[in-house]
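Everything on this sheet refers to the single structure shown next.
The values are calculated or read from the model by the stated rules, or taken from the named source; none is laboratory data. Because the structure is predicted, anything quoted here is derived from the model rather than measured. Please note: Cβ atoms are built from the backbone with ideal geometry, for glycine as well, and neighbour counts cover all protein chains shown. Quick note on the areas: whole protein, heavy atoms, side chains included, nothing else; ligands and nucleic acids left out. Shrake-Rupley method; radii C 1.70, N 1.55, O 1.52, S 1.80 Å.
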Amino acid sequence: MAILEIKNFTFRYPQAARPALKDISLSVAKGEFVGITGPTGAGKTTLACCLNGIIPHFQGGEATGRIELDGLSIFNKSTAQISRLVGSVFQDPEAQIISSEVEQELAFGLENLGFAPVEMEKRISEVLELAGIPDLRHRSTIGLSGGQKQRVAIACALAMRPEILLLDEPTSELDPVGTEEVFQVLSRLNHEHGITVLVVEQKTEQLAAHAGRILVLDDGALVMDGEPWQVFARQRELQAIGVKI
Ligand code: ATP
């Protein structure tokens, strides 16, 4: 069953001469691990922001086509409703953690949504296990490594029990150890817990090792869509558009 369905979606930022996304059509089934890659300026972040409500109602930009989450158009949903369906993790581990303690950070979003203390406790323990960091529960967020911070951010995103975990270049600020930590967690969430993962990533080696499917964007268009071996075999075409492989 498709959890995400995008049909002929085109998006142009206000006053932009050209659309940032052009006639994108794709479908993601529940339980897939999809990597989205492409050169700088291809539209990867724009696509992620259209899916997670960060461009709420597209901020006066022009959007045509459809985006459906779990069979329902996202155009009629509020940012808050979308953020419960799509758990987001961003590029910069420093910018997205605001509390001084890991447990507080996890409690923050849940408290804001009015969860009762018993349910909060249940979810906090659950997501710390899922992100493989139960030992960090009472740790200060200050001394954590980049990889640990991104795993805290993943745990926060999972606390809403979203339909999709969507990550926008989660490892771009991380060293190879942190990068591998994050991808190991994503793989485990996907393989062992069936969580649908969509990750924007320029590190093709990690995508090849962990994703089940790769989407390549170039100049706003979806130019490749297949299994990693199919996409990465097209080395010359990828290099021609500026994908480092
Ligand atoms: P990168 O890998 O550098 O993050 P990207 O593939 O994520 O690039 P986007 O950031 O989505 O690409 O940008 C796609 C296009 O939209 C680019 O031409 C960019 O200049 C343009 N763009 C991005 N944000 C805005 C904005 N807020 N207003 C106008 N144009 C924008």
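Checked against the criterion of being more than 25 Å from residue 84 (Cα to Cα), in contact (Cβ under 8 Å) with a residue 40 or more places away in the chain and outside any strand (DSSP E or B), region 19-29 contains one or more residues that satisfy it.
Residues in region 66-78 include at least one that is within 16 Å of the ligand (Cβ to nearest atom) and either at pLDDT below 90 or farther than 26 Å from residue 188 by Cα (or both). Here are 29, 17: which of them is open to solvent by 30 Å² or more (accessible area, probe 1.4 Å) and more than 15 Å from the ligand (Cβ to nearest atom)? One residue alone meets the criteria, 29. Listed by position, the helices (runs of 4 or more DSSP H) contained in region 34-127 that have at least 1 residues being farther than 25 Å from residue 219 by Cβ and either of a type in the set (Lys, Arg) or open to solvent by 10 Å² or more (accessible area, probe 1.4 Å) (or both) are 79-85, 93-96, 102-112. Restrict the check to region 225-236 and report whether at least one residue is open to solvent by less than 70 Å² (accessible area, probe 1.4 Å), away from the ligand (no atom under 13 Å from the Cβ), modelled with pLDDT of 95 or more and assigned to a loop (DSSP other than H, G, I, E, B). No.
Taking first residues from region 130-144 that are exposed (fewer than 14 other Cβ atoms within 10 Å of the Cβ) and partners that are among the hydroxyl-bearing types (Ser, Thr, Tyr), the Cβ contacts under 7 Å between residues at least 6 apart in sequence or on separate chains come to 140/100; 142/100. Annotation note: Cβ proximity below 6 Å between a residue of region 34-50 that is more than 7 Å from the ligand (Cβ to nearest atom) and a residue that is open to solvent by 10 Å² or more (accessible area, probe 1.4 Å) and assigned to a strand (DSSP E or B) (sequence gap 6+ or interchain) occurs for 34/213; 48/168.
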